[in-house]
Ligand SMILES: Nc1nc2c(c(=O)[nH]1)N[C@H]1C(S)=C(S)[C@@H](COP(=O)(O)O)O[C@H]1N2
Ligand SMILES: [Mo]
C-alpha cells in the first residue's frame, strides 16, 4: 500500500481543505447576499473594490482547492470502499456525512468550473444549485470536522517514522495549487495578467480595453447606440418623472470616476467612467432619500436585464449612469447609450443599455 494512504496526510489535507472551503463559502455568501439583499439589510457601497476582492478569493480560491481535493480523495479512497462499510451507529452517521460531502464538493467544483468557462450543459440554473449545495457542503464539512477532531489532533501530533514521501506529496499539492493561483489571478490583478494562462477572461481584452460578457449583438441592442429616439425615463415614486435625451444628460453635471467591473466569474477590470450621478437624477426627480431604484435595460430577454440599487448604492456619489468610458463614448458592447456603474457591486448588476430608472 502506498505510504500516502495515511492518517497524518489525510489530517493535514483535511485542515487545509476545511480552511479554504470556509473562505470560499463565506465569500460565496457575500456574493449571494449582494445579489439577493434581504429587505432589512442593504449591502454597503464601500470599500469600492471589496467585491472585487471577495469574488476573486471565491473563484480563484475555488480553483486552488481542486488539487487539495483530489489529493485528499487519493489519500483516503481505500477507506471509502472499506468493508464492512460501517461499525456501529456513530460510524454510520460519519460515513453518511462523508457520502454527502464528497459528491457535494465535487459538484461545487465542477459547476463552478463550467460557469467560469461559460458552458451550461446542466439542466438546472447554476446559481441556485451552487448556492444550496454550498449549504449542504458546509454542514457536512462541519459535522465531519467535529467527528474527526480528536483523530486529526492526534495524527498531527505524532511523529511518523518516515515523513519524507508525505512531505514531498504535500509540497507537490501545495505547489500545484500555487500554480493554479498564479495562472489565473491575473484576470483580476492586472500586473499578473501576463501569467494568466488559465484565466477565461483577461482584464484588457475587448473593446475600449475592457472585457465584455454579453455583447450588444447577443442582447439585440446594437441599434440603440445610434438611435436618436432613445430616452432615459425616471419613473415610479417621484415628484417629477423625467424623460431625458442624450443631450439633456450631457447638459447635467458630468462626473468622471475610476471604478471596476468585477464579474461574478472572478475577472475584474478598472476603467474611467464619465456620466451623470444617479443621485443627481434622483434629486432632480424628487425621489425620497431612502428610495430603492430598479434599473431597467432595453434588452428584452436575459436574466441580467435589470438590477436593483439599494439606498447606499443609489445615494453614493460614485454611482454613475455612464455615457463614456476611458475618454470615449461607450461602445455598444459596454452598454451604449447608457450603462450603470457603481462601487462595490457584482458585474451582473452593472446594467448595460439602460432605458429606465424605476423608483420604489
Ligand atoms: N443589460 C445587461 N447588462 C449587463 C449584462 C447583461 O447580460 N445584460 N451583463 C452583466 C455582466 S455579467 C457583467 S460582468 C458586466 C460586464 O460589463 P462589460 O461588458 O462592459 O465589461 O455587464 C453586466 N451588465
Ligand atoms: Mo458578469
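The values are calculated or read from the model by the stated rules, or taken from the named source; none is laboratory data. All values derive from a computational prediction rather than experimental measurement. Counting neighbours? That spans all protein chains shown, and the Cβs are built from the backbone with ideal geometry, glycine included.
Structure values in brief
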read-out: Options 271, 288, 342: the member that is at pLDDT 95 or above and away from ligand 2 (no atom under 16 Å from the Cβ); value: 288
read-out: Criterion violated by residue 174 - all others in (1) modelled with pLDDT of 95 or more; (2) touching a strand residue (DSSP E or B) at 6+ places or on another chain (Cβ under 8 Å) satisfied; value: (2)
read-out: Candidates 42, 71 - the one that is in contact with a helix residue (DSSP H, G or I) (Cβ under 6 Å, 6 or more places away or on another chain), under 30 Å from residue 311 (Cα atoms) and crowded, with 16+ Cβ neighbours inside 10 Å; value: 42
read-out: Residues that are touching a strand residue (DSSP E or B) at 6+ places or on another chain (Cβ under 8 Å) and assigned to a loop (DSSP other than H, G, I, E, B), drawn from the range 246-267; value: 252, 253, 254, 263, 264
read-out: Conditions (1) away from ligand 2 (no atom under 16 Å from the Cβ); (2) in a loop (DSSP other than H, G, I, E, B); (3) within 19 Å of the chain's Cα centre (by Cα); number of the one not met by residue 228; value: (3)
read-out: Conditions (1) touching a strand residue (DSSP E or B) at 6+ places or on another chain (Cβ under 6 Å); (2) over 17 Å from residue 250 (Cα atoms); (3) touching a residue at least 60 places away in the same chain (Cβ under 8 Å); (4) within 10 Å of ligand 1 (Cβ to nearest atom); number of the one not met by residue 293; value: (4)
read-out: Hits in the range 319-360 (condition: part of a strand (DSSP E or B) and more than 9 Å from ligand 1 (Cβ to nearest atom)); value: 320, 321, 322, 323, 324, 328, 329, 355, 356, 357, 358, 359
read-out: Unmet criterion (only one of (1) buried (at least 19 other Cβ atoms within 10 Å of the Cβ); (2) free of Cβ contacts under 8 Å to residues at least 12 places away in the same chain) for residue 211; value: (2)
read-out: Unmet criterion (only one of (1) more than 16 Å from ligand 2 (Cβ to nearest atom); (2) in a loop (DSSP other than H, G, I, E, B)) for residue 166; value: (2)
read-out: Top-ranked residue in the range 345-360 [being more than 24 Å from the chain's Cα centre (by Cα) and either under 17 Å from residue 51 (Cα atoms) or crowded, with 20+ Cβ neighbours inside 10 Å (or both); ranked as farthest from ligand 2 (Cβ to nearest atom)]; value: 359
read-out: Complete set of residues in the range 271-290 that are free of Cβ contacts under 8 Å to residues at least 60 places away in the same chain and touching a strand residue (DSSP E or B) at 6+ places or on another chain (Cβ under 6 Å); value: 272, 274, 276, 277, 286
